[in-house]
Amino acid sequence: MFYTYIIKSKKDNNLYIGSTNNLRERLTKHNKGLVPSTKNRRPFEIVYYEAYKSGDDARGREVNLKLRRNAFSQLKRRIKKSIEIN
């Protein structure tokens, strides 16, 4: 399986969108500081993910969420309670 995911920084409450074929391993890498774009914002928690059979579909969804503000805004409204500041 392939995944498009959203993680939330517990440090600054910002969201990060990514895709992977191993969700647990990828979260571990984010939290260990092994991902350059997120290493200064850790720790993270997964707040949302979608599963796909195709890696191209997962990466396409990631790009869609990153480049189309309306798509990401709509998703954030759907998962509002999951991304609220604790």
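All of the numbers you see were taken from the coordinates with simple rules; none came from a lab. Everything quoted here is computed from the prediction, not taken from an experiment. A quick note on method: Cβ atoms are made from the backbone with ideal geometry, for glycine too, and the neighbour counts reach across all protein chains shown.
Look at ASN70 and say whether it is closer than 22 Å to GLU84 by Cβ, in contact with a strand residue (DSSP E or B) (Cβ under 7 Å, 6 or more places away or on another chain) and assigned to a helix (DSSP H, G or I). Steps first, please.
On the way: closer than 22 Å to GLU84 by Cβ: yes; in contact with a strand residue (DSSP E or B) (Cβ under 7 Å, 6 or more places away or on another chain): no; assigned to a helix (DSSP H, G or I): yes.
Spelling it out, it is not the case that ASN70 is closer than 22 Å to GLU84 by Cβ, in contact with a strand residue (DSSP E or B) (Cβ under 7 Å, 6 or more places away or on another chain) and assigned to a helix (DSSP H, G or I).
Six or more apart or on different chains, Cβ atoms under 7 Å: show the pairs whose first residue is in segment 48-65 and farther than 10 Å from ILE17 by Cβ and whose second is basic (Lys, Arg).
Between residues of segment 48-65 that are farther than 10 Å from ILE17 by Cβ and residues that are basic (Lys, Arg), the close pairs are GLU50/ARG61.
Looking only at segment 39-86, count every residue that is under 24 Å from THR28 (Cβ atoms), among the small types (Gly, Ala, Ser) and surrounded by 14 or more Cβ atoms within 10 Å (Cβ to Cβ) and tell me the total.
Residues meeting the conditions: 2.
Which residues, counting only those in segment 66-86, are in contact (Cβ under 8 Å) with a residue 12 or more places away in the chain and within 22 Å of ASN21 (Cα to Cα)?
LYS66, PHE72, LEU75
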